[in-house]
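Structure, as structure tokens:
All of the numbers you see were taken from the coordinates with simple rules; none came from a lab. From a predicted model like this one, the values you see are computed outputs, not experimental measurements. Please note: Cβ atoms are built from the backbone with ideal geometry, for glycine as well, and neighbour counts cover all protein chains shown.
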Amino acid sequence: MPRYLITLSLGPVQSLIEAARRTRDLWCGSWLLSESARAAARVLHEAQPGCLIFPCPENPDEELQPQREPGDSANIANILRAEVELPDADAARALCEQAKQDAAQRLVELGEKARATLKVKLRDEIWQAQIGDLLEGFAAWAEIPSGDEGYAQAGAKLGATLAARKATRDFRPAAPLKTPGLPKSSLDGAMETVLPKPEEWPEGHRDRRKLGLSRGEQLDALGVMKRMAGNVEQFTPYSRVAADPWIRTLDAAQLRALCTTYEPLVGLDLATRVSGNQGRYSALPYDAQMLYDFRLDNALSNRREGAPSAEEGDALRRLRQAIRSLPETLGAPVPYAVILKADGDRMGALLQQAKWAEDSRAISQALHGFASRVRELVRDHHGHAIYSGGDDVLALLPLPDAFACARTLAQAFEQALEPVAKSLGLNAAEQPTLSVGLAIGHLMEPLGALRKRAGHAEHLAKGNGLPADQTRNALAIVLGIRSGSEIEWRANWNDAEALADLETFTAAYRDGQLPSRVAYDLRAIDRRLAWMREDDSQSARGMREAEVARMLDRARTEGGGTGLAALQRRQILAAARRQPLAQVADALILARWLSARTAADLGVRGQ
């Protein structure tokens, strides 16, 4: 019987994942796409056990079962591949169609379950028109010729066929709606809202709070699913991750006081409980938004019409009193956190080395092994992984733990892929590595901007346009200061000096051994000596070093205390000799942010 390679690509990623205004949208969109891919993979596995290549789970009968809510297992990527024995191409077509149907049906099931949790009546006509058309699926298949080169030949043909199929669009007639002119979804503006007319549910309606609606916000069917599918408590908000370093400084009695006053807000739909991530945030299992003055004051001054405002106000004021009763030395939680986005390097070269299906399965198993560890590794650094599938990672992390987590993930990826890369004949220079981007942003910044910054950081880490020996295998950090501009920094993972500088500077800021103005004084020197930036003569280097040394001699630790320690002075001078002063200044600024546990560490108030 002929053997076929078949592949399925599910999407669109833009609407399923990237269209998001809240972290809940991002979480749930990633999970929904993974669940649809899981359903498709289960069809292929049940048709011919052992046929799967991507994914290639160790226990498919267990791991491919539908998940009630996001767990600790690796996500199933949206591109599937399998090797099957079938009578002919028509049988391959039928199998792919069945897989696509099951994937789409899984989204319908999750959508109906999400809808059932709401008491308000949604626009049923619009819902039904949208719910069955959420998933876009493309399939391709290629018969595997006999011979040693057959698998590679089929793989090349399969890739070209899938690309051609994606470029060939289906134009089906749109079903006319009985209520034209409806507002579009606020997530991406593509589809009509399924929410009822404003007069049918006042602004104080509890379902508005369940959906986390802002004033005037509209949601289509997929938007409702993103807000309600799965267990909402499983999705850790960005604000809880940002506040975690500060929360870890509280003692048991202080935590009990905050929990006692925060819990009533959950019953009033002013806050959400956080129970996911294996209980990592159980010390204060709430979204933590109201720990920030600017969020708490806003909630107090914007009571919604029809809501029990007296009860709501009393609960908020009790929380505010509990926060104000804490020692002043604790400060306030830092309002910044990190989105980590990572992607494997040179994966195409590795996949091209696969001559047989078993080679591809070995690669797939190595990737699955790494992806299965990601959530635990991120959790060890007090963060929460949103997506972990193959060589793609998306996670939320607190500032002080982001750098260490990025390095841990890069090392784990190399260790997971090195054995299979060596077995397939790749030399050390060609072996897969992980490029990691860290995007630092304020919790009040629109999620779209945060996500875009994370993508930019990842691309910066890839280093496209740089010399070949500097591309990929790197860490990039992009800081977006709410009241200022963005700052970028990049270093390859094998650049031990640059990474050591960042780590040493971060520790110095954490211990109060570096004043914040040093970085800005370095920038001032760089601007003052701009006329000689391109001059690399001994005299020019000596002048720059003398200016930096003079500035460091005058520097004092925060509060006007002692001068800089000899170690910090030597480190900054050494960094200034190796690289442009502006780059050293950026590293120092980023180090200050990465060390921050409280708002005072950054000198921000009300930001």
Volume in Å³ per residue [convex hull over Cα atoms, computed for the range 169-236]
136 Å³
Placing +1 on each Lys and Arg Cβ and -1 on each Asp and Glu Cβ in the chain, then taking the dipole about the Cα centre, the residue among L44, L258, L187 whose Cα reaches farthest towards the positive end is L258
Percentage relative contact order, the chain, counting C-alpha pairs under 8 Å, at least six apart:
13 percent
Toy charge model, Lys and Arg Cβ at +1, Asp and Glu Cβ at -1: the range 1-93 dipole around Cα centroid in debye, rounded to 20, equals 420 debye
Please give the charge dipole size of the chain, origin at the Cα centre, charges +1 on K and R Cβ atoms and -1 on D and E Cβ atoms. Round to the nearest 20 debye.
1900 debye
Relative contact order as a percentage, the range 3-167, C-alpha pairs under 8 Å and 6+ apart, gives 35 percent
State the Cα centre-to-centre distance between the range 400-470 and the range 211-265 in whole Å.
28 Å
For the range 568-607 versus the range 476-533, the gap between their alpha-carbon centres in whole angstrom:
4 Å
Rounded FRET efficiency, nearest 0.05, which uses the C-beta distance separating A429 from T117 and R0 of 45 Å
0.30
With just the Cα atoms defining each centre, how far is the range 28-52 from the range 109-188? Give it in Å.
15 Å
How many nm separate the modelled label positions at D170 and E149, each set 7 Å beyond the Cα in the direction of the Cβ?
3.6 nm
Simple spin-label estimate for R527 and E46 in nanometres, 7 Å along Cα-Cβ
6.6 nm
Report, as a whole number in µm² per second, the diffusion coefficient that Stokes-Einstein gives for the chain at 20 °C and 1.002 mPa s using the Kirkwood radius over alpha carbon pairs.
81 µm²/s
Hey, any idea what the orientation-averaged projected area of the convex hull of the range 108-192's Cα atoms comes to, in nm²?
8.7 nm²
For R577 and R517, what does the FRET efficiency come to when R0 = 25 Å and r is the distance between their Cβ atoms, rounded to the nearest 0.05?
0.75
Please work out how much length the chain gains when fully extended from E69 to D469, using 0.36 nm per residue of separation minus the C-alpha to C-alpha distance, in nm with one decimal.
139.7 nm
Computed on Cα atoms, the radius of gyration and Dmax of the range 335-494 in angstrom are 15.9, 55
Over the range 69-218, calculate the relative contact order: mean separation of alpha carbon pairs under 8 Å at least 6 apart, over the residue count, as a percent.
22 percent
Label E418 and E58 with points 7 Å out from Cα along Cα→Cβ: what is the distance between them in nm?
2.0 nm
At a Förster radius of 56 Å, what calculated FRET efficiency corresponds to the Cβ-Cβ distance of K184 and S539, to the nearest 0.05?
0.30
Of the candidates A421, A449, L377, the farthest towards the positive dipole end of the range 335-494 (Lys/Arg Cβ +1, Asp/Glu Cβ -1, centred on the Cα centre) is A449
Name the residues of the range 39-60 whose amide N is less than 18 Å from a point 7 angstrom out from the Cα of W356 along the C-beta direction?
50-54
Take the residue pairs K197/K226; K355/K452; K119/K341; K157/K422; K100/K226; K100/K197 and return only those whose Cα atoms are more than 28 Å apart.
K355/K452; K119/K341; K100/K197
